[in-house]
Amino acid sequence: MTDSRKPIVSLKAISKTFSNGTVALSDMALDIRQGEFISLLGPSGCGKSTALRIIAGLATASTGTVDWPSATYDPDGRPDREIGFVFQEPTLMPWATVFGNVWLPLRLKGISKAAARADIMHALELVGLAKFAESYPRELSGGMKMRVSIARALVTQPKILLMDEPFAALDEITRFKLNNDILRLREQLGWTVVFVTHSVFESVYLSSRIVVMAARPGRVVAEIDIDVPGPRGEDFRTSEVYAQYCRKASDALHAAMGANDHL
Amino acid sequence: MTAPGPVIDDEEGGASRAAGGLPAWLPKVVLPLVLLVVLIGSWEAYVRLNAVPGYLLPSPITVYLATFRDIPSLLPALQTTLTITGVALLIAMVSGVALAIVVVQFRWLDYALAPYMVILQVTPIIAIAPILLIFFETTTTLYSCALLVTFFPILANTTQGLKSVDHNLLDLFKLYRASPGQTLWLLKLPSSLPYLLTGLRIAGGLALIASVVAEFAAGAAGAKGGLAFRILEAQYRMLVPRMFVALLLLALTGVAIYGLTSLITHLALRRWHESAIRRES
Ligand SMILES: Nc1ncnc2c1ncn2[C@@H]1O[C@H](COP(=O)(O)OP(=O)(O)OP(=O)(O)O)[C@@H](O)[C@H]1O
Ligand SMILES: [Mg+2]
């Protein structure tokens, strides 16, 4: 894909070898541009989480560089990445209310509860949980916890949202609903998203581009652009175009998995 | 479809009612009371029937009467014991948590201290009392013994808690560039609170035991002496009922400490921690 827009973040020749010798990523290149919705699709162990953690700065690459061309740098030379991260598990603090959990990223920046209130309530409204602000995480269902986690990620209005199989543990109905929520929020807020998933259907439904990865060593084997303009909804899920893309992505995934007899 | 025959309804009130239709808590309250009456009754009967002399085994009624006579003179002793227990617990709490924070921050310190922690923890600290007495006066020795015994459960549990923080949450704090202070205050301490409180409950019981046993070993605390000293004193003077009264006071103190630490735990964790939440079916 050739695109003249300047990428928000650009991975160049990223490799990651763990201390036990596992090569989790080998020579990965990826440009992420403003407004893109990129899915990392691949079998278990192909380095999707590792790639995401490297982008987030939670892990360091063994070789290669991660560039943030338009980011500002702090005095220590660290880029201000303006990232939102949604983990596979909701990762909420059980001792804090929903409100307290969403406040956290702002609180860490030194913003008081009063000053943050409007932003927090807005984020909770976006995920439909404003009524549950004073509830504790244990009082929520799995899907609701995940939505709190999303609200927490978007409360700082990040430039880029990284999601690591956020819906893997949820049932299909909840998952479809949250998929639609994500698409709606993306429409409203103009998000740039990197989304890790195992699911071909989910990746086609959500993405503007699918990056197919293979394992051992983890690497990118194919990129599929999903050229479907306009807002997507349930009718897209049943359309012929959708089915075609799914077949294409599925074939690429099988080729990736067959390449190293991984099942 | 309603099948003929007896209808077994175990839905409604099934959880809170025992078989006979009585509330479930009733036997838990009534049975211990029944047992208490039976035991005290047999005690009284045994003493009367065998005409056991009061200096060997006083009857429950004698003890009951002694309570009113002796409690005023025992209250200062109770206060002494309570002060030693409470102060030791408080110091142990503050210093145990502080040291746990430092130990978790610096791995090498952990390595250096770990074996000695174990040794101090498995050594019956009371055996230290006579040695401490050589260096310190009695009161200081008592405080030291109680402190040594309470310190380690709190330190060990808090350290464990600080090490058990959810890795994803740590990543989240890293992502938002939390300072070490923020990570400690907003993540590590709250997350290790259940562990710390377990340490406190264990330490609470041990603190009382330690302050009593240390007094047996080291002698009266200050001019007044604690309850343990008064028990010894009553023994010398053959005031057997007074020994029972002092014992009763110690038992009540133990129950009060247990109740208090459990209450603190409940209040701190009731909203969020699994251990304090009543399951609803
Ligand atoms: N901390 C680690 N130490 C050693 N090896 C690791 C570590 N983390 C991941 N790996 C290895 O790196 C490879 C890639 O792991 P990663 O978690 O990125 O995979 P993934 O694509 O996210 O898989 P999944 O879909 O199952 O989450 C795996 O083979 C894994 O065993
Ligand atoms: Mg993963």
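The values are calculated or read from the model by the stated rules, or taken from the named source; none is laboratory data. Predicted, not measured: the structure shown is a model, and the values here were computed from it. Note that each Cβ is placed from the backbone with ideal geometry, even for glycine, and that neighbours are counted across all protein chains shown. Protein only, heavy atoms only, side chains kept; ligands, DNA and RNA dropped before computing areas. Shrake-Rupley method; radii C 1.70, N 1.55, O 1.52, S 1.80 Å.
Among the residues of the stretch A:159-177, count how many are within 16 Å of ligand 2 (Cβ to nearest atom) and not in a loop (DSSP other than H, G, I, E, B).
Of the residues in the stretch A:159-177, 3 are within 16 Å of ligand 2 (Cβ to nearest atom) and not in a loop (DSSP other than H, G, I, E, B).
What tally of residues in the stretch B:177-228 results from selecting those that are small (Gly, Ala, Ser), open to solvent by 10 Å² or more (accessible area, probe 1.4 Å) and farther than 30 Å from residue A:80 by Cα?
7
Looking only at helices (runs of 4 or more DSSP H) that lie completely in the stretch B:125-186, which have at least 1 residues being more than 14 Å from every other protein chain (Cβ to nearest Cβ) and either of a type in the set (Lys, Arg) or more than 30 Å from residue B:219 (Cβ to Cβ) (or both)?
B:138-163
(1) away from chain B (no Cβ under 14 Å); (2) within 16 Å of ligand 2 (Cβ to nearest atom); (3) open to solvent by 60 Å² or more (accessible area, probe 1.4 Å): which one isn't true of residue A:20, the others all being true?
(2)
Got a number for residues in the stretch A:32-45 being modelled with pLDDT under 90 and either within 16 Å of residue A:15 (Cα to Cα) or within 13 Å of ligand 1 (Cβ to nearest atom) (or both)?
Qualifying residue count, the stretch A:32-45: 3.
Could you tell me which numbered condition residue B:271 fails, if it satisfies all but one of (1) open to solvent by 50 Å² or more (accessible area, probe 1.4 Å); (2) in contact with a Phe, Trp or Tyr (Cβ under 8 Å, 6 or more places away or on another chain); (3) touching a residue at least 12 places away in the same chain (Cβ under 8 Å)?
With (1) open to solvent by 50 Å² or more (accessible area, probe 1.4 Å); (2) in contact with a Phe, Trp or Tyr (Cβ under 8 Å, 6 or more places away or on another chain); (3) touching a residue at least 12 places away in the same chain (Cβ under 8 Å) applied to residue B:271, the lone miss is (3).
For the stretch A:211-263, what are the residues that are of a type in the set (Gly, Ala, Ser) and away from ligand 2 (no atom under 16 Å from the Cβ)?
Of the residues in the stretch A:211-263, the ones of a type in the set (Gly, Ala, Ser) are A:214-215, A:218, A:222, A:230, A:233, A:239, A:243, A:249-250, A:252, A:255-256, A:258-259.
Selection gives A:222, A:230, A:233, A:239, A:243, A:249, A:250, A:252, A:255, A:258, A:259.
Assuming residue A:73 fulfils every condition listed in (1) within 14 Å of another protein chain (Cβ to nearest Cβ); (2) open to solvent by less than 30 Å² (accessible area, probe 1.4 Å); (3) over 21 Å from residue A:152 (Cβ atoms) apart from one, which condition is it?
Exception for residue A:73: condition (2).
What tally of residues in the stretch A:161-178 results from selecting those that are more than 15 Å from residue A:89 (Cβ to Cβ) and modelled with pLDDT of 90 or more?
Number satisfying all stated conditions: 1.
Before we move on, is residue B:69 of a type in the set (Lys, Arg) and closer than 14 Å to residue B:240 by Cβ?
yes
So which of A:124, A:40 is away from chain B (no Cβ under 11 Å), buried (at least 19 other Cβ atoms within 10 Å of the Cβ) and out of contact with any strand residue (DSSP E or B) (no Cβ under 6 Å at 6 or more places or on another chain)?
Result of the check over A:124, A:40: A:124.
Within the stretch A:176-230, track down each residue that is among the hydroxyl-bearing types (Ser, Thr, Tyr) and either away from ligand 1 (no atom under 16 Å from the Cβ) or open to solvent by 10 Å² or more (accessible area, probe 1.4 Å) (or both).
A:192, A:199, A:205, A:207, A:208 - these are the residues of the stretch A:176-230 that are among the hydroxyl-bearing types (Ser, Thr, Tyr) and either away from ligand 1 (no atom under 16 Å from the Cβ) or open to solvent by 10 Å² or more (accessible area, probe 1.4 Å) (or both).
Yes or no: the stretch A:185-192 includes at least one residue that is at pLDDT 90 or above, under 22 Å from residue A:49 (Cβ atoms) and away from ligand 2 (no atom under 16 Å from the Cβ).
Yes: one or more hits.
Where the second residue is of a type in the set (A, V, I, L, M, F, W, C) and open to solvent by 10 Å² or more (accessible area, probe 1.4 Å) and the first is at the interface with chain B (Cβ under 8 Å from one of its Cβ atoms) and assigned to a loop (DSSP other than H, G, I, E, B) and lies in the stretch A:95-117, which pairs have Cβ atoms under 6 Å and are six or more apart or on separate chains?
Correct list of pairs: A:95/B:272.
Filter the stretch A:68-94 down to the residues that are in contact with a strand residue (DSSP E or B) (Cβ under 7 Å, 6 or more places away or on another chain), within 15 Å of ligand 1 (Cβ to nearest atom) and part of a loop (DSSP other than H, G, I, E, B) and list them by number.
If the condition is that a residue be in contact with a strand residue (DSSP E or B) (Cβ under 7 Å, 6 or more places away or on another chain), within 15 Å of ligand 1 (Cβ to nearest atom) and part of a loop (DSSP other than H, G, I, E, B), then A:87, A:88 are the ones that fit.
Any residue in the stretch B:96-108 that's assigned to a helix (DSSP H, G or I): show its pairings with residues that are of a type in the set (Lys, Arg) at Cβ separation under 7 Å, as long as the two are six or more apart or on different chains.
B:104/B:163
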